[in-house]
Amino acid sequence: MAGKRYLTVIVVFLTFTALFGEQRSPIPGIDIIEMAKGDPTGITKNEPTTKPNTNNPQSDPTKPEVQGEYPQIRNLTVKMDPTDSNSALISWEGAPNLDTPVYIVRYSRPITTKQMVLQAYNTTPEPVQPGTTTFLDKDIPQGSYYYAAVSTFELSSEGRVEMRGGQNYTEVPFIVGETKTTGDSCTADRERDFKDDEFQISDLVAVDTETGVVLNWKKSPVPGVRYKVFRGPEPLDSPERLEKAAALGQTTEESPFFEDKQPERGARIYYGVSVYDCVNQKDYPQLVLNQSYISHTYNRPERKYEYDSFLPGSLTVYMQSKDTIRLLWVDPGPSIVEYEVYRASEPI
């Protein structure tokens, strides 16, 4: 009996090589076919012939088996609006099973859980309708922010929230305004006297990025102050220890954030932010744990790519004529613009 022969066709997405800067090279034993460009099929453009079940988006009979397609938001990106430095232009791609409105939220740290989604500031009191893939977040206060996007179905009892970095939440901080250290006169007309404990920042947070550690905090209620940022090997719970710590820099009251661009990797250290009263020229070095000073260990995050989101789906191969084989697949999204098609005489 003659041995079985196999005809295997695979579609390879070019985004993979573009991401890592690798050059194309032949796969041993596999014939490369001339590049396929443009729309792979007309499948994604066909209008549905059956009315969707809007009560349960996951069971829509006009769509393929997509129950496992989470998250429903992919490739979330945030860029500064070129016409307004205090606005963020947010864009994303929706999964094929996305047919409910979308919430866009922002927070002072990466939004990695459903609980953080619910705690974050909702920039869309009226959620964005499905089919829309951009949103402009206007009049953002100065600071460092992270964004996330989730559908109303994912937040419902029938769905689930699955957070993936670089897909439905951002891992790189979006900074509104530059950290100001000089230039503004540090004065203020105060309507009342402030207590010593009001010369404190609160909610100090440290977030690891690929370039360093970004610190964010809630400003002191006192006008006419500056913030001094410190880093030390021991708790900054006394003026004496704060004096021994490394002074990283200072910011104005309009810039309640700071980036440590030379963090100590893998070592447990302490960050602290003290308040300097410009009006009375007085330092307030007494810090409070988990409010104005925190412990932190820097681990440089490695960027992760969800390869599944780049893969074509539902690949189908059939004989169109005696000398022609036709391939059909579902386009994974607008970020994929070219494909490579391979064939072999055995499974790959």
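Some observations on this one:
- Where residue 131 falls short, out of the listed (1) in a loop (DSSP other than H, G, I, E, B); (2) under 30 Å from residue 282 (Cβ atoms): (2)
- Scan of region 108-128 for residues that are within 25 Å of residue 69 (Cβ to Cβ) and outside any loop (DSSP other than H, G, I, E, B), ordered by number: 114, 115, 116, 117, 118, 122, 128
- Residue pairs whose Cβ atoms lie under 7 Å apart, separated by 6 or more positions or on different chains, with the first residue in region 189-203 and in contact (Cβ under 8 Å) with a residue 40 or more places away in the chain and farther than 17 Å from residue 276 by Cβ and the second surrounded by 10 or more Cβ atoms within 10 Å (Cβ to Cβ) and basic (Lys, Arg), are 203/218.
- Answer residue from region 165-216, given it is farther than 26 Å from residue 261 by Cβ and within 32 Å of the chain's Cα centre (by Cα) and is modelled with the highest pLDDT among those: 168
- Residues (buried (at least 19 other Cβ atoms within 10 Å of the Cβ) and either without any contact (Cβ under 8 Å) to a residue 12 or more places away in the chain or within 15 Å of residue 104 (Cα to Cα) (or both)) located in region 136-160: 137, 140, 145, 146, 147, 148, 149, 150, 151, 153, 154
- Which numbered condition residue 148 misses (of (1) in a strand (DSSP E or B); (2) out of contact with any Pro (no Cβ under 9 Å at 6 or more places or on another chain)): (2)
The values are calculated or read from the model by the stated rules, or taken from the named source; none is laboratory data. Worth saying up front: this structure is predicted, and the values here are computed from it rather than measured. With ideal geometry, Cβ positions are generated from the backbone for all residues, glycine too; neighbour counts draw on all protein chains shown.
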